[in-house]
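Remarks on the structure that follows.
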Amino acid sequence: MKRRQEMTLFERMYLFEVIRGLGITMSHLIGNFAKLVLRFVGLRKQRAIATYQYPEEQRPYPPRYRGRHRLTLHTDGSVRCTACFLCATACPARCIYIQPVEHEDPSIEKYPARYEIDTLLCVYCGYCVEACPVDAIRMDTGIHPEIYIPDPRAFVEDKETLMERSRILQGSDPESILYEHRQKMKKMEESPLDCSVD
Ligand code: SF4
Ligand code: SF4
């Protein structure tokens, strides 16, 4: 524990401390300005300052970012989910709805005829991903929710939507998916009533 110390005479006069504080602020200002100039003329590669000029410039998502859900697929394109309900049981928001059916293949017990996530209720905790014993659900799409139309049904993501995200990830790289997603978001922000549900 740091004990409280008596202030020195200079500290008690405040004026010197104010000048010292201004000196620190000015040194940062001049230093950051010099870094910006160096970066502008191409003599520096790293970012000059930590601030991102949002929305023109956006901070990259961390690799473990929990984005929109997807249902993973077998190599033949069928859904991996076995409708075991572990994700729905673990979900604290009770927003996963599964309708299981018997599979024609006797080696597979069940699969979900219906698998839906109500993203209006979802808190993006990732418990469903943790609970899944067969890696059938992931949140590694790198994209965030984007539906803005005033209809609660539009926020329910069905099995086909969740599977389609896996297909898109297979045929593209995450950076271009994120770029397209951001372009779409921008369009929605400019004219939210014209946006269509994906
Ligand atoms: S992220 Fe959390 S709240 Fe959302 S569906 Fe999964 S378990 Fe439920
Ligand atoms: S996603 Fe995983 S945990 Fe959820 S029902 Fe399917 S197999 Fe079970």
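Every residue in the stretch 124-155 that is away from ligand 2 (no atom under 16 Å from the Cβ) and among the hydrophobic types (A, V, I, L, M, F, W, C), please.
Residues satisfying the conditions are Ile143, Ile147, Ile149, Ala154, Phe155.
For the stretch 125-139, give me each residue that is within 19 Å of Leu169 (Cβ to Cβ) and either buried (at least 18 other Cβ atoms within 10 Å of the Cβ) or of a type in the set (A, V, I, L, M, F, W, C) (or both). Step through it out loud before you land on a result.
Start the filter on the stretch 125-139 by keeping residues that are within 19 Å of Leu169 (Cβ to Cβ), which leaves 126, 128-129, 132, 134-139.
Across the stretch 125-139, the qualifying residues are Cys128, Val129, Cys132, Val134, Ala136, Ile137, Arg138, Met139.
Looking at the stretch 113-131, I want the residues that are under 9 Å from Ala93 (Cβ atoms) and have a partner that is more than 7 Å from ligand 1 (Cβ to nearest atom) and among the hydroxyl-bearing types (Ser, Thr, Tyr) with Cβ atoms under 8 Å, at least 6 apart or on another chain. Which pairs are those?
Close Cβ pairs satisfying both conditions: Asp118/Tyr97.
Six or more apart or on different chains, Cβ atoms under 8 Å: show the pairs whose first residue is in the stretch 95-108 and free of Cβ contacts under 8 Å to residues at least 12 places away in the same chain and within 13 Å of Cys81 (Cα to Cα) and whose second is charged (D, E, K, R) and away from ligand 1 (no atom under 16 Å from the Cβ).
What qualifies is Glu102/Glu109; Glu102/Lys110; His103/Glu109; His103/Lys110.
Would you tally the residues in the stretch 123-155 being within 22 Å of Lys184 (Cα to Cα) and either modelled with pLDDT of 95 or more or part of a loop (DSSP other than H, G, I, E, B) (or both)? Before you say what the answer is, go through the steps one by one.
Start the filter on the stretch 123-155 by keeping residues that are within 22 Å of Lys184 (Cα to Cα), which leaves 124, 139-155.
After this cut, where a residue has to be either modelled with pLDDT of 95 or more or part of a loop (DSSP other than H, G, I, E, B) (or both) as well, the list is 124, 139-151.
Total satisfying the criteria: 14.
Do you know which of the residues in the stretch 59-91 that are of a type in the set (Ser, Thr, Tyr) and more than 15 Å from ligand 2 (Cβ to nearest atom) is modelled with the lowest pLDDT?
Step one: of the stretch 59-91, the residues of a type in the set (Ser, Thr, Tyr) are 61, 65, 72, 75, 78, 82, 89.
If we keep only those that are more than 15 Å from ligand 2 (Cβ to nearest atom) too, we end up with 61, 65, 75.
Numbers: Tyr61: 83, Tyr65: 90, Thr75: 93.
So the residue we want is Tyr61.
Run down Glu56, Glu104 and say which single residue is more than 13 Å from ligand 2 (Cβ to nearest atom), farther than 20 Å from Met163 by Cβ and not β-branched (Val, Ile, Thr). Working first, answer last.
On the way: Glu104 fails: farther than 20 Å from Met163 by Cβ.
None of the others qualify; the one that does is Glu56.
The values are calculated or read from the model by the stated rules, or taken from the named source; none is laboratory data. None of the values given here were measured: they were computed from a predicted structure. In this analysis, Cβ positions are derived from the backbone assuming ideal geometry, glycine residues included, and neighbour counts consider all displayed protein chains.
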